[in-house]
Amino acid sequence: MEMYRISERDRRTATRCVQGTKIPIAGPSVQPIAQTSTFVFENQKEMLRAVTGKSEKNVYTRWTNPTTVNAQNKISALEGTDSTLLLSSGMAAISSTVMGLAKKGDRILSSDSIYGGTLHLFEDILPRNGIEVDFVEQNQFIDAIEDSKSEHRLCFFETPTNPALRLMDIKSVAEASRSAGLTSVIDNTFATPINQHPHQLGIDIVIHSATKYLGGHSDLIAGSVSGLTQQIGKIDNAARLLGGTIDPFASFLLERGIKTLAVRMEKHNSNAAFLAEELSRDSRIRRVYYPGLTSHPQHDIAKKQMDGFGGMLTIEIDGDLKATEIFVDSMELFLNAVSLGGVESLASIPVLTTHYGIDEGILREMNVSNSTVRLSVGIEDPNDLLYDIKNALDMAVQ
Ligand SMILES: Cc1ncc(COP(=O)(O)O)c(C=O)c1O
(Lines give C-alpha, C1' and ligand atoms only; values in the text may rest on other atoms or scores of the structure.)
Protein backbone atom coordinates (compact mmCIF):
# COMPACT_ATOMS: atom_id res chain seq x y z
CA MET A 1 0.00 0.00 0.00
CA GLU A 2 1.32 3.43 -0.89
CA MET A 3 1.53 5.79 2.08
CA TYR A 4 0.25 9.36 1.70
CA ARG A 5 2.91 11.91 2.66
CA ILE A 6 2.80 15.70 2.83
CA SER A 7 5.73 16.92 0.77
CA GLU A 8 8.30 19.19 2.41
CA ARG A 9 6.99 22.08 0.31
CA ASP A 10 3.37 21.53 1.32
CA ARG A 11 3.90 21.50 5.07
CA ARG A 12 1.62 24.06 6.67
CA THR A 13 2.84 26.91 8.85
CA ALA A 14 2.40 25.33 12.31
CA THR A 15 4.24 22.21 11.09
CA ARG A 16 7.06 24.36 9.71
CA CYS A 17 7.36 26.13 13.07
CA VAL A 18 7.96 22.83 14.84
CA GLN A 19 9.83 20.82 12.21
CA GLY A 20 10.93 23.22 9.46
CA THR A 21 10.79 21.74 5.98
CA LYS A 22 13.56 19.17 6.21
CA ILE A 23 12.84 15.47 6.69
CA PRO A 24 14.87 14.59 9.83
CA ILE A 25 17.78 12.22 9.57
CA ALA A 26 18.53 9.70 12.34
CA GLY A 27 20.20 11.29 15.36
CA PRO A 28 19.21 13.53 18.26
CA SER A 29 15.71 15.02 17.97
CA VAL A 30 17.15 18.39 18.99
CA GLN A 31 20.31 19.49 17.21
CA PRO A 32 23.23 19.85 19.65
CA ILE A 33 24.47 23.43 20.11
CA ALA A 34 27.74 24.02 18.27
CA GLN A 35 29.02 26.42 20.93
CA THR A 36 32.34 26.96 19.24
CA SER A 37 34.17 29.86 17.64
CA THR A 38 36.17 27.79 15.17
CA PHE A 39 36.10 24.44 13.32
CA VAL A 40 38.95 21.95 12.95
CA PHE A 41 39.98 20.46 9.57
CA GLU A 42 41.68 17.19 8.72
CA ASN A 43 44.34 19.00 6.68
CA GLN A 44 45.19 22.25 4.87
CA LYS A 45 43.69 21.04 1.59
CA GLU A 46 40.25 20.58 3.18
CA MET A 47 40.57 23.93 4.96
CA LEU A 48 41.36 25.71 1.68
CA ARG A 49 38.36 24.08 -0.03
CA ALA A 50 36.09 25.43 2.73
CA VAL A 51 37.66 28.90 2.81
CA THR A 52 37.27 29.25 -0.97
CA GLY A 53 33.65 28.05 -0.89
CA LYS A 54 34.37 24.75 -2.69
CA SER A 55 32.95 22.80 0.26
CA GLU A 56 30.14 23.80 2.60
CA LYS A 57 32.06 23.03 5.78
CA ASN A 58 31.97 25.57 8.60
CA VAL A 59 35.21 27.44 9.19
CA TYR A 60 34.59 30.17 11.74
CA THR A 61 31.39 31.14 13.56
CA ARG A 62 31.47 34.76 12.37
CA TRP A 63 30.92 33.27 8.89
CA THR A 64 28.67 30.24 9.51
CA ASN A 65 27.67 27.97 12.37
CA PRO A 66 25.44 24.86 12.15
CA THR A 67 23.16 25.89 15.04
CA THR A 68 22.63 29.25 13.38
CA VAL A 69 22.07 27.66 9.96
CA ASN A 70 19.42 25.42 11.53
CA ALA A 71 17.52 28.48 12.83
CA GLN A 72 18.05 30.36 9.54
CA ASN A 73 16.51 27.48 7.56
CA LYS A 74 13.44 27.52 9.77
CA ILE A 75 12.90 31.26 9.28
CA SER A 76 13.29 30.84 5.49
CA ALA A 77 10.66 28.09 5.63
CA LEU A 78 8.28 30.48 7.42
CA GLU A 79 8.95 33.55 5.28
CA GLY A 80 8.92 31.53 2.05
CA THR A 81 12.35 32.85 1.03
CA ASP A 82 15.42 31.12 -0.43
CA SER A 83 17.78 32.36 2.28
CA THR A 84 17.94 33.89 5.73
CA LEU A 85 20.78 35.48 7.61
CA LEU A 86 20.69 35.67 11.39
CA LEU A 87 22.49 38.43 13.24
CA SER A 88 23.07 39.53 16.81
CA SER A 89 20.09 41.94 16.96
CA GLY A 90 17.33 43.50 14.88
CA MET A 91 19.51 46.60 14.53
CA ALA A 92 22.44 44.46 13.29
CA ALA A 93 20.05 42.99 10.71
CA ILE A 94 18.91 46.45 9.56
CA SER A 95 22.38 48.05 9.52
CA SER A 96 23.98 45.06 7.74
CA THR A 97 21.19 45.14 5.15
CA VAL A 98 21.65 48.79 4.26
CA MET A 99 25.46 48.57 4.36
CA GLY A 100 25.32 45.44 2.20
CA LEU A 101 22.92 46.80 -0.41
CA ALA A 102 23.73 50.52 -0.57
CA LYS A 103 27.00 52.28 -1.30
CA LYS A 104 28.34 55.82 -0.91
CA GLY A 105 26.25 58.22 -3.00
CA ASP A 106 23.12 56.04 -2.91
CA ARG A 107 19.89 57.26 -1.34
CA ILE A 108 17.30 55.31 0.63
CA LEU A 109 13.61 56.08 0.62
CA SER A 110 12.18 55.40 4.07
CA SER A 111 8.78 55.72 5.64
CA ASP A 112 9.01 58.14 8.60
CA SER A 113 6.86 55.82 10.76
CA ILE A 114 9.59 53.42 11.80
CA TYR A 115 11.17 52.15 15.00
CA GLY A 116 13.13 54.90 16.83
CA GLY A 117 16.46 53.03 16.65
CA THR A 118 16.13 52.60 12.88
CA LEU A 119 15.22 56.28 12.55
CA HIS A 120 18.40 57.30 14.43
CA LEU A 121 20.53 54.92 12.33
CA PHE A 122 19.11 56.42 9.13
CA GLU A 123 19.33 60.03 10.35
CA ASP A 124 22.72 60.00 12.08
CA ILE A 125 24.93 57.08 11.05
CA LEU A 126 24.17 56.44 7.37
CA PRO A 127 24.74 60.06 6.17
CA ARG A 128 28.17 59.97 7.87
CA ASN A 129 28.96 57.07 5.54
CA GLY A 130 27.73 58.80 2.39
CA ILE A 131 24.26 57.21 2.28
CA GLU A 132 21.43 59.76 2.53
CA VAL A 133 17.89 58.84 3.56
CA ASP A 134 14.75 60.61 2.32
CA PHE A 135 11.97 60.26 4.89
CA VAL A 136 8.46 60.19 3.53
CA GLU A 137 5.12 60.49 5.31
CA GLN A 138 3.42 57.12 5.21
CA ASN A 139 0.52 58.21 3.01
CA GLN A 140 2.93 59.51 0.39
CA PHE A 141 5.27 56.52 0.40
CA ILE A 142 4.00 54.82 -2.75
CA ASP A 143 3.94 58.11 -4.71
CA ALA A 144 7.51 58.77 -3.56
CA ILE A 145 8.62 55.34 -4.82
CA GLU A 146 7.00 56.06 -8.18
CA ASP A 147 8.82 59.42 -8.34
CA SER A 148 12.16 58.05 -7.08
CA LYS A 149 15.44 59.05 -8.74
CA SER A 150 18.14 56.83 -10.20
CA GLU A 151 20.34 57.23 -7.09
CA HIS A 152 17.61 55.66 -4.92
CA ARG A 153 18.78 52.13 -4.16
CA LEU A 154 16.15 50.77 -1.77
CA CYS A 155 12.99 51.60 0.11
CA PHE A 156 12.33 50.72 3.74
CA PHE A 157 9.06 50.52 5.68
CA GLU A 158 7.21 48.84 8.54
CA THR A 159 3.62 47.68 8.73
CA PRO A 160 1.98 47.72 11.24
CA THR A 161 4.03 50.66 12.50
CA ASN A 162 5.49 51.06 15.94
CA PRO A 163 3.67 52.23 18.02
CA ALA A 164 0.47 53.55 16.38
CA LEU A 165 -0.17 50.41 14.30
CA ARG A 166 -0.74 52.24 11.03
CA LEU A 167 -0.65 50.08 7.91
CA MET A 168 0.85 50.22 4.47
CA ASP A 169 -0.47 48.25 1.48
CA ILE A 170 2.39 45.77 1.04
CA LYS A 171 1.48 44.59 -2.46
CA SER A 172 1.28 48.16 -3.75
CA VAL A 173 4.69 48.99 -2.24
CA ALA A 174 6.15 45.84 -3.84
CA GLU A 175 4.72 46.63 -7.26
CA ALA A 176 5.78 50.29 -7.18
CA SER A 177 9.31 49.31 -6.06
CA ARG A 178 9.66 46.72 -8.80
CA SER A 179 8.59 49.22 -11.48
CA ALA A 180 10.98 51.84 -10.11
CA GLY A 181 13.88 49.38 -9.83
CA LEU A 182 14.18 49.72 -6.05
CA THR A 183 14.89 46.85 -3.66
CA SER A 184 12.00 46.77 -1.20
CA VAL A 185 12.77 46.08 2.46
CA ILE A 186 10.15 45.55 5.16
CA ASP A 187 10.52 45.28 8.92
CA ASN A 188 7.94 42.54 9.62
CA THR A 189 8.59 42.38 13.38
CA PHE A 190 5.15 43.47 14.59
CA ALA A 191 3.21 41.18 12.25
CA THR A 192 5.34 37.98 12.38
CA PRO A 193 5.51 35.38 9.58
CA ILE A 194 2.33 33.85 11.01
CA ASN A 195 0.19 36.94 10.46
CA GLN A 196 1.77 38.46 7.36
CA HIS A 197 3.76 37.14 4.35
CA PRO A 198 5.47 40.09 2.64
CA HIS A 199 7.71 38.01 0.35
CA GLN A 200 4.65 36.29 -1.12
CA LEU A 201 3.26 39.78 -1.77
CA GLY A 202 6.39 40.70 -3.73
CA ILE A 203 8.68 42.32 -1.13
CA ASP A 204 12.37 41.53 -1.70
CA ILE A 205 13.82 41.58 1.82
CA VAL A 206 12.01 40.75 5.07
CA ILE A 207 13.62 41.77 8.36
CA HIS A 208 12.73 40.83 11.93
CA SER A 209 13.85 41.86 15.31
CA ALA A 210 13.86 38.15 16.26
CA THR A 211 14.24 39.38 19.84
CA LYS A 212 10.47 39.82 19.77
CA TYR A 213 7.82 37.30 18.64
CA LEU A 214 10.17 34.85 16.88
CA GLY A 215 12.13 34.23 20.10
CA GLY A 216 8.97 34.88 22.08
CA HIS A 217 10.27 34.60 25.65
CA SER A 218 12.20 37.87 26.20
CA ASP A 219 15.39 35.89 26.76
CA LEU A 220 17.47 36.62 23.65
CA ILE A 221 18.52 39.37 21.26
CA ALA A 222 18.63 38.53 17.55
CA GLY A 223 17.72 39.78 14.09
CA SER A 224 16.94 38.11 10.78
CA VAL A 225 17.09 39.12 7.12
CA SER A 226 15.33 36.90 4.55
CA GLY A 227 15.20 37.11 0.77
CA LEU A 228 16.68 35.83 -2.46
CA THR A 229 20.04 34.08 -2.10
CA GLN A 230 21.86 36.63 -4.27
CA GLN A 231 20.75 39.61 -2.18
CA ILE A 232 21.23 37.83 1.15
CA GLY A 233 24.74 36.94 -0.10
CA LYS A 234 25.57 40.63 -0.55
CA ILE A 235 24.26 41.39 2.95
CA ASP A 236 26.21 38.42 4.34
CA ASN A 237 29.44 39.75 2.80
CA ALA A 238 28.93 43.04 4.68
CA ALA A 239 27.71 41.36 7.88
CA ARG A 240 30.79 39.12 8.12
CA LEU A 241 32.97 42.23 8.22
CA LEU A 242 30.66 44.42 10.30
CA GLY A 243 30.70 41.56 12.79
CA GLY A 244 27.19 41.55 14.24
CA THR A 245 27.38 37.76 14.56
CA ILE A 246 24.73 35.92 16.54
CA ASP A 247 25.97 33.64 19.32
CA PRO A 248 25.16 29.93 18.70
CA PHE A 249 23.31 29.72 22.02
CA ALA A 250 21.02 32.59 20.99
CA SER A 251 20.40 30.77 17.68
CA PHE A 252 19.48 27.64 19.66
CA LEU A 253 17.05 29.56 21.90
CA LEU A 254 15.55 31.25 18.85
CA GLU A 255 14.96 28.01 16.94
CA ARG A 256 13.45 26.52 20.10
CA GLY A 257 11.19 29.56 20.52
CA ILE A 258 9.94 29.35 16.93
CA LYS A 259 8.59 25.84 17.60
CA THR A 260 5.67 27.43 19.48
CA LEU A 261 5.31 30.55 17.31
CA ALA A 262 2.05 29.48 15.64
CA VAL A 263 0.27 28.60 18.90
CA ARG A 264 1.64 31.66 20.67
CA MET A 265 0.45 33.95 17.88
CA GLU A 266 -3.04 32.48 18.00
CA LYS A 267 -3.26 33.46 21.67
CA HIS A 268 -1.54 36.86 21.22
CA ASN A 269 -4.00 37.63 18.40
CA SER A 270 -7.11 36.61 20.33
CA ASN A 271 -6.04 38.28 23.61
CA ALA A 272 -5.24 41.59 21.89
CA ALA A 273 -8.49 41.50 19.88
CA PHE A 274 -10.48 40.89 23.08
CA LEU A 275 -8.80 43.78 24.91
CA ALA A 276 -9.16 46.10 21.90
CA GLU A 277 -12.92 45.50 21.80
CA GLU A 278 -13.35 45.88 25.57
CA LEU A 279 -11.21 49.02 25.85
CA SER A 280 -12.99 50.69 22.92
CA ARG A 281 -16.04 50.81 25.19
CA ASP A 282 -14.21 52.47 28.14
CA SER A 283 -14.72 56.24 28.26
CA ARG A 284 -11.40 56.71 30.10
CA ILE A 285 -9.60 55.75 26.91
CA ARG A 286 -9.62 58.29 24.10
CA ARG A 287 -8.41 56.04 21.32
CA VAL A 288 -7.63 52.40 20.73
CA TYR A 289 -5.33 51.51 17.84
CA TYR A 290 -5.71 47.91 16.68
CA PRO A 291 -5.79 46.77 13.02
CA GLY A 292 -8.48 44.18 13.79
CA LEU A 293 -11.04 46.79 14.93
CA THR A 294 -13.53 47.77 12.24
CA SER A 295 -13.00 51.36 13.47
CA HIS A 296 -9.30 51.21 12.45
CA PRO A 297 -9.04 53.57 9.45
CA GLN A 298 -7.10 50.95 7.47
CA HIS A 299 -9.03 47.86 8.56
CA ASP A 300 -9.65 46.97 4.90
CA ILE A 301 -5.91 46.80 4.24
CA ALA A 302 -5.49 44.71 7.41
CA LYS A 303 -8.11 42.21 6.23
CA LYS A 304 -6.49 42.00 2.81
CA GLN A 305 -2.90 41.33 3.89
CA MET A 306 -2.98 39.95 7.46
CA ASP A 307 -4.01 36.46 8.58
CA GLY A 308 -4.21 37.68 12.18
CA PHE A 309 -4.09 41.19 13.60
CA GLY A 310 -1.26 40.71 16.08
CA GLY A 311 -0.58 41.04 19.78
CA MET A 312 0.28 44.74 19.82
CA LEU A 313 -2.33 47.19 21.03
CA THR A 314 -1.85 50.91 21.50
CA ILE A 315 -4.14 53.14 23.53
CA GLU A 316 -4.37 56.81 24.35
CA ILE A 317 -5.68 57.35 27.83
CA ASP A 318 -7.77 60.36 28.83
CA GLY A 319 -5.07 62.14 30.83
CA ASP A 320 -1.73 63.95 30.68
CA LEU A 321 1.77 62.47 30.90
CA LYS A 322 1.56 62.25 34.72
CA ALA A 323 -1.68 60.24 34.51
CA THR A 324 -0.12 58.05 31.83
CA GLU A 325 2.83 57.30 34.11
CA ILE A 326 0.49 56.48 37.02
CA PHE A 327 -1.51 54.19 34.71
CA VAL A 328 1.54 52.19 33.60
CA ASP A 329 3.06 52.09 37.10
CA SER A 330 -0.26 50.81 38.55
CA MET A 331 -0.50 47.74 36.35
CA GLU A 332 0.81 44.51 37.83
CA LEU A 333 0.51 41.99 34.99
CA PHE A 334 1.61 44.40 32.27
CA LEU A 335 5.26 44.74 33.26
CA ASN A 336 6.91 48.13 33.01
CA ALA A 337 9.41 47.38 30.23
CA VAL A 338 10.39 48.21 26.67
CA SER A 339 10.51 45.45 24.02
CA LEU A 340 7.55 43.34 22.95
CA GLY A 341 6.49 39.98 21.63
CA GLY A 342 7.21 37.84 24.69
CA VAL A 343 4.73 35.51 26.36
CA GLU A 344 4.39 38.00 29.23
CA SER A 345 2.47 41.27 28.81
CA LEU A 346 4.52 44.46 28.75
CA ALA A 347 3.59 48.16 28.76
CA SER A 348 5.63 51.17 27.73
CA ILE A 349 5.15 54.88 27.15
CA PRO A 350 6.73 55.63 23.74
CA VAL A 351 7.62 59.30 24.47
CA LEU A 352 9.62 58.14 27.51
CA THR A 353 11.23 55.12 25.87
CA THR A 354 11.45 54.03 22.23
CA HIS A 355 10.50 57.45 20.85
CA TYR A 356 12.25 59.62 23.46
CA GLY A 357 13.67 62.80 21.98
CA ILE A 358 12.00 62.46 18.58
CA ASP A 359 10.80 65.72 17.05
CA GLU A 360 7.22 66.64 18.08
CA GLY A 361 6.08 67.14 14.49
CA ILE A 362 7.23 63.64 13.52
CA LEU A 363 5.58 62.20 16.65
CA ARG A 364 2.30 63.86 15.68
CA GLU A 365 2.50 62.32 12.21
CA MET A 366 3.05 58.96 13.90
CA ASN A 367 -0.06 59.47 16.13
CA VAL A 368 2.11 59.46 19.25
CA SER A 369 1.30 61.77 22.17
CA ASN A 370 2.11 62.04 25.90
CA SER A 371 -0.97 59.89 26.61
CA THR A 372 0.01 57.03 24.32
CA VAL A 373 0.68 53.65 25.91
CA ARG A 374 1.93 50.69 23.91
CA LEU A 375 0.77 47.31 25.18
CA SER A 376 2.46 44.10 24.14
CA VAL A 377 -0.33 41.69 24.98
CA GLY A 378 1.00 38.38 26.27
CA ILE A 379 -0.59 34.95 26.42
CA GLU A 380 -1.97 35.18 29.98
CA ASP A 381 -5.71 34.84 30.67
CA PRO A 382 -7.37 37.76 28.84
CA ASN A 383 -9.80 38.46 31.71
CA ASP A 384 -6.90 38.90 34.14
CA LEU A 385 -5.27 41.32 31.69
CA LEU A 386 -8.49 43.34 31.34
CA TYR A 387 -8.87 43.47 35.10
CA ASP A 388 -5.29 44.75 35.43
CA ILE A 389 -5.90 47.55 32.90
CA LYS A 390 -9.23 48.57 34.47
CA ASN A 391 -7.68 48.73 37.96
CA ALA A 392 -4.85 50.93 36.67
CA LEU A 393 -7.35 53.22 34.92
CA ASP A 394 -9.17 53.61 38.27
CA MET A 395 -5.87 54.84 39.76
CA ALA A 396 -4.87 57.14 36.89
CA VAL A 397 -7.97 58.70 35.35
CA GLN A 398 -10.60 60.46 37.45
C1 LIG B 1 9.94 47.20 14.83
C2 LIG B 1 11.33 47.03 15.39
N3 LIG B 1 12.34 46.84 14.54
C4 LIG B 1 13.61 46.70 14.98
C5 LIG B 1 13.92 46.74 16.32
C6 LIG B 1 15.34 46.58 16.77
O7 LIG B 1 15.53 45.27 17.24
P8 LIG B 1 16.63 44.84 18.32
O9 LIG B 1 16.27 45.49 19.60
O10 LIG B 1 16.52 43.34 18.33
O11 LIG B 1 17.94 45.31 17.80
C12 LIG B 1 12.88 46.93 17.24
C13 LIG B 1 13.18 46.99 18.68
O14 LIG B 1 12.35 47.28 19.50
C15 LIG B 1 11.55 47.09 16.76
O16 LIG B 1 10.52 47.28 17.60
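The values are calculated or read from the model by the stated rules, or taken from the named source; none is laboratory data. In this text the structure is predicted, and so the values were computed from the model without any measurement. Virtual Cβ from ideal backbone geometry, glycine too; neighbours counted across all protein chains shown. For accessibility, only protein heavy atoms count, side chains too; no ligands or nucleic acids. Shrake-Rupley method; radii C 1.70, N 1.55, O 1.52, S 1.80 Å.
Please find, in a Gaussian network model of the chain (springs between Cα atoms separated by less than 10 Å), the residue of Tyr60, Tyr290, Tyr115 whose mean-square fluctuation is greatest.
Among Tyr60, Tyr290, Tyr115, the largest mean-square fluctuation in the Gaussian network model of the chain belongs to Tyr60.
Under the 0.36 nm per residue contour assumption, what length would be gained going from the current alpha-carbon distance of Glu332 and Arg281 to full extension? Write out the running numbers ahead of the final one.
On the way: separation 51, 0.36 × 51 = 18.36 nm, distance 2.20 nm.
So the chain would gain 16.2 nm between Glu332 and Arg281.
From the helices alone, meaning DSSP H stretches of at least four residues, give me the mean residue ellipticity at 222 nm for the chain, per-run term -39500 (n - 2.57), in deg cm²/dmol to the nearest 500.
Details: 15 runs with 150 residues, N = 398.
Mean residue ellipticity, 222 nm, calculated: -11000 deg cm²/dmol.
Roll a 1.4 angstrom probe over the protein heavy atoms and tell me the percent of accessible area of segment 228-303 that is carbon or sulfur. Mind dumping the intermediate values first?
Working: 1920 of 3670 Å².
The C+S portion of the solvent-accessible surface of segment 228-303 is 52 percent.
Just reorder Ile362, Ile25 by solvent-accessible area, largest first, 1.4 Å probe, all chains present. Don't skip to the end; give the middle numbers.
On the way: Ile362 40, Ile25 150 Å².
So, going from the largest accessible area down, we get Ile25, Ile362.
For segment 266-283, in order, what is each residue's ³J(HN,Hα) by Karplus, 6.51 cos²θ - 1.76 cosθ + 1.60 with θ = phi - 60°, in whole Hz (x at glycine and Pro)?
Values per residue, Gly and Pro as x: 4, 6, 4, 4, 6, 5, 5, 5, 4, 5, 4, 5, 5, 6, 4, 8, 9, 5 Hz.
Compute the label zone of Arg364 within segment 155-188: residues whose backbone N is under 18 Å from the point 7 Å along Cα-to-Cβ.
Inside the label zone: 164.
Translational diffusion coefficient, Stokes-Einstein: compute it for segment 261-396 using the Kirkwood radius over C-alpha pairs as Rh, at 25 °C and 0.890 mPa s, and state it as an integer in µm² s⁻¹.
On the way: Rh = 15.0 Å.
Value of D from the Cα-based Kirkwood radius: 163 µm²/s.
Count the DSSP beta bridges whose two residues both fall in the chain, then state the antiparallel fraction as a percent rounded to the nearest 5. The partial results should precede the final answer.
Working: 22 of 41 bridges.
Percentage antiparallel, nearest 5: 55.
Leaving ligands, DNA and RNA out of it, work out the accessible area of Lys57 with a 1.4 Å probe and give it in Å² to the nearest 10.
90
Where only protein heavy atoms count, and the probe is 1.4 Å, what is the accessible area per residue for the chain in Å²?
On the way: 18190 Å² over 398 residues.
In whole numbers, the chain has 46 Å² accessible per residue.
Which far-off residues, 5 or more places away or on another chain, put their amide H under 5 Å from the one on Val133, with H placed in the peptide plane?
Residues meeting the criterion, in which the H sits 1.01 Å from N, are Ile108.
Karplus couplings for segment 236-243 from phi (6.51 cos²θ - 1.76 cosθ + 1.60, θ = phi - 60°), rounded to Hz, Gly and Pro as x?
Karplus values, whole Hz, x for Gly and Pro: 4, 4, 6, 4, 4, 8, 5, x.
Contact order normalised by length for the chain, with contacts defined as Cα pairs under 8 Å and 6 or more residues apart; what percent is it? If you can, show how the numbers build up before the last one.
Values: 780 pairs, mean separation 67.0, N = 398.
Relative contact order comes out at 17 percent.
Between Thr211 and residues 5 or more places away or on another chain, which pairs have amide H atoms under 5 Å apart, with H built 1.01 Å from N, and which residues are they?
Here Gly90, Ala222 satisfy the definition.
Return, ordered by residue number, the residues of segment 88-106 whose backbone nitrogen is under 11 Å from a label point located 7 Å along Cα→Cβ of Glu151.
104-106
Using DSSP, restrict attention to beta bridges with both residues in segment 65-258 and report what percent are antiparallel, rounded to the nearest 5.
Values: 9 of 26 bridges.
Looking only at bridges with both residues in segment 65-258, the antiparallel portion is about 35 percent.
Please list, by residue number, everything in segment 12-28 whose backbone N is under 16 Å from a paramagnetic label point 7 Å out along Cα→Cβ of Tyr4.
Backbone N within reach: 12.
Grab every C-alpha pair in the chain, bin the distances at 10 angstrom width from 0 up to the longest one, and report whole percents.
5, 23, 31, 24, 13, 4, 1, 0
Could you work out the Kirkwood radius for segment 65-258, taking every pair of different alpha carbons, averaging 1/r and inverting it, reported in Å?
It is 16.3 Å.
What is the angle, in °, between the Cα long axis of helix 321-330 and the longest principal axis of the Cα atoms in the chain? Nearest 10 is fine, range 0 to 90.
70
Taking θ = phi - 60°, what integer Hz values does the Karplus form 6.51 cos²θ - 1.76 cosθ + 1.60 yield along segment 9-19, in sequence order, with x for Gly and Pro?
Taking θ as phi minus 60°, the curve returns 5, 8, 4, 7, 4, 4, 5, 4, 4, 7, 10 Hz for segment 9-19.
Enumerate the amide H contacts of Leu335 below 5 Å, restricted to partners 5 or more residues apart or on another chain; note that Pro and chain-start residues carry no placed amide H.
Distant-sequence amide H within range of Leu335: Ser345, Leu346, Ala347.
Stretch Asp143-Asn237 to full length: gain in nm at 0.36 nm per residue minus the Cα-Cα span?
On the way: separation 94, 0.36 × 94 = 33.84 nm, distance 3.23 nm.
Computed gain between Asp143 and Asn237 is 30.6 nm.
Would you kindly work out the equivalent ellipsoid of segment 184-326 from its C-alpha gyration tensor and give its semi-axes, the square roots of five times the eigenvalues, largest first in whole Å?
Values: eigenvalues 207, 68, 45 Å².
Calculated on Cα positions only, the semi-axes equal 32, 18, 15 Å.
Taking the Cβ-Cβ separation of Asn391 and Glu123 as r and a Förster radius of 35 Å, what is the calculated FRET efficiency to the nearest 0.05? Provide the component values of the computation, followed by the final result.
Working: r = 40 Å, r/R0 = 1.13.
So, using R0 = 35 Å, E works out to roughly 0.35.
In nm, what is the difference between 0.36 nm times the number of residues separating Arg12 and Gln230 and their Cα-Cα distance?
Values: separation 218, 0.36 × 218 = 78.48 nm, distance 2.62 nm.
So the chain would gain 75.9 nm between Arg12 and Gln230.
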